[in-house]
1. For residues that are closer than 21 Å to residue 21 by Cβ, in contact (Cβ under 8 Å) with a residue 24 or more places away in the chain and not in a helix (DSSP H, G or I), tally how many sit in the range 46-69.
2. Would you tally the residues in the range 70-101 being over 16 Å from the mean Cα position of the chain (by Cα) and in a helix (DSSP H, G or I)?
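Throughout, read-outs are computed from the coordinates displayed, never taken from laboratory work. If you're wondering where the values come from, they're calculated on a predicted model, not measured in any experiment. So basically every Cβ, Gly included, is an ideal-geometry build from the backbone, and we count neighbours across all protein chains shown.
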């Protein structure tokens, strides 16, 4: 007796979603030297001197500034490393992340 093989009529393609993005935010404080903030922005976020100075000044004037947007893992890693760089020098430098809308 021959076996009957049933083949699916259409192949289903898995639906792939783009990963959610997160903003890395620099929070202003009145103790971390501006030059140090610029140095951290250049080192961790690969900014030019001018870009880093503009981000630092925006955070200084407005209280916070979005530094960059990444996937969750990258945003969390960069924010943690940048914050840790400040802590290592005794500064209250703070970077946070939040979901992008």
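1. 6
2. Restricting attention to the range 70-101, the residues satisfying the condition of being over 16 Å from the mean Cα position of the chain (by Cα) are 86-92.
Add one more test, that the residue is in a helix (DSSP H, G or I), and what stays is 86-88.
Adding up the residues that qualify gives 3.
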